[in-house]
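The values are calculated or read from the model by the stated rules, or taken from the named source; none is laboratory data. Quick caveat: nothing in here was measured; it's all calculated off a predicted structure. FYI the Cβ positions are ideal-geometry reconstructions off the backbone, even for glycines, and counts take in every protein chain you see. Protein only, heavy atoms only, side chains kept; ligands, DNA and RNA dropped before computing areas. Shrake-Rupley method; radii C 1.70, N 1.55, O 1.52, S 1.80 Å.
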Amino acid sequence: MKSIYLYLACMLSISLFACQGNGRYPDAQQGKLKASPSAYEFIDIEGTRHLLKDIRGKYKLLLFYDPAAVESQQEIVAMKQSVPLAHLMASGKVNVLAICASGDLSFWSTYQKHIPSRWINGFDIKGETRMKSYFGINSFPRLVLLDDKNELVKMAVSHDSLIALLEK
C-alpha cells in the first residue's frame with residue numbers, strides 16, 4: 001500500500017513541476033503591456049537619443065534582437081527578404097525599428113551593417129527592454145507590433161504572423 005501512495009505522490013509532483021518554467025503561450029493569451037512604451041528610449045547609429053513616441057507611422061514593428069544569437073540573425077535575414085514586409089514599408093503602413101537589446105555597444109556597432117538602411121536601427125542604451133514595465137522580453141528575437149498610439153497589437157517570435165495581420 002505504501003508503494004501506491006509513493007507512486008501517486010511521485011506522479012503528482014512530476015505533474016506539478018512539469019507546469020513550471022518558461023512555457024510558450026499562444027500570442028492570443030498574452031496580456032497588455034504594463035506601461036505605455038511611448039517613453040521607451042533608444043539611441044540610433046549616430047548616438048542620438050530617441051523616444052518611441054517620436055517614431056511616426058500607422059504601425060511600428062519593433063524587432064528586439066541579440067546580434068550574437070543565431071535565431072536573431074536568421075529572423076533579420078528572413079525579414080530583409082520578405083517581399084510583403086517591403087511592400088508594407090513602401091506603402092507607409094509600417095515602420096520597422098530593429099533594437100539591439102543585448103550585448104554591448106561596440107558589438108552592436110560592428111553588427112549594424114546587417115540591418116537594412118530603410119529600418120530604424122537602435123540600441124537599448126538603458127537596458128529597458130527586459131524591464132517588465134515596458135516589454136518584459138526574456139528571449140530574442142522578439143517582435144512587438146504597436147499601433148500609432150503605441151498600444152500593443154501583437155507580440156510574436158517571427159514576422160510571418162504579423163505580416164498576415166498587417167495585410168488585412
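When Ser161, Ser117 are screened for being assigned to a loop (DSSP other than H, G, I, E, B), open to solvent by 40 Å² or more (accessible area, probe 1.4 Å) and either of a type in the set (Gly, Ala, Ser) or on the phi > 0 side of the Ramachandran plot (or both), only Ser117 passes. Among the residues examined, Lys80 qualifies as closer than 26 Å to Glu167 by Cβ, part of a helix (DSSP H, G or I) and among the basic types (Lys, Arg). Checked against (1) closer than 17 Å to Ser36 by Cβ; (2) part of a loop (DSSP other than H, G, I, E, B); (3) open to solvent by 30 Å² or more (accessible area, probe 1.4 Å), Ile125 meets all criteria but (1).
Remark: pairs (first residue in the range 46-66, in contact (Cβ under 8 Å) with a residue 40 or more places away in the chain and part of a loop (DSSP other than H, G, I, E, B); second residue small (Gly, Ala, Ser) and open to solvent by less than 20 Å² (accessible area, probe 1.4 Å); Cβ separation under 8 Å; 6+ apart in sequence or on different chains) = Asp66/Ser72; Asp66/Ala101. Against the numbered list (1) in a loop (DSSP other than H, G, I, E, B); (2) surrounded by 15 or more Cβ atoms within 10 Å (Cβ to Cβ); (3) of a type in the set (Asp, Glu), Glu75 comes up short only at (1). I want to confirm something. Restricting to the range 138-149 and keeping residues that are in contact with a helix residue (DSSP H, G or I) (Cβ under 9 Å, 6 or more places away or on another chain) and open to solvent by 10 Å² or more (accessible area, probe 1.4 Å), which single residue is farthest from Ala101 (Cα to Cα)? Filtering the range 138-149 for residues that are in contact with a helix residue (DSSP H, G or I) (Cβ under 9 Å, 6 or more places away or on another chain) and open to solvent by 10 Å² or more (accessible area, probe 1.4 Å), the one farthest from Ala101 (Cα to Cα) comes out as Lys149.
Residues that are open to solvent by less than 20 Å² (accessible area, probe 1.4 Å), closer than 25 Å to Lys168 by Cα and assigned to a helix (DSSP H, G or I) are absent from the range 89-104.
Being in contact with an Asp or Glu (Cβ under 6 Å, 6 or more places away or on another chain) and open to solvent by less than 10 Å² (accessible area, probe 1.4 Å) is the filter here, so list the residues in the range 41-69 that pass it. Listed by number, the list holds a single entry, Phe42. Looking only at the range 128-158, residues that are in a helix (DSSP H, G or I) and under 13 Å from Ser36 (Cβ atoms) come to 1 in all. Condition check: at pLDDT below 95 and either in a helix (DSSP H, G or I) or of a type outside the set (D, E, K, R) (or both). Does Ala86 satisfy that? Judged against the criteria, Ala86 is not a match.
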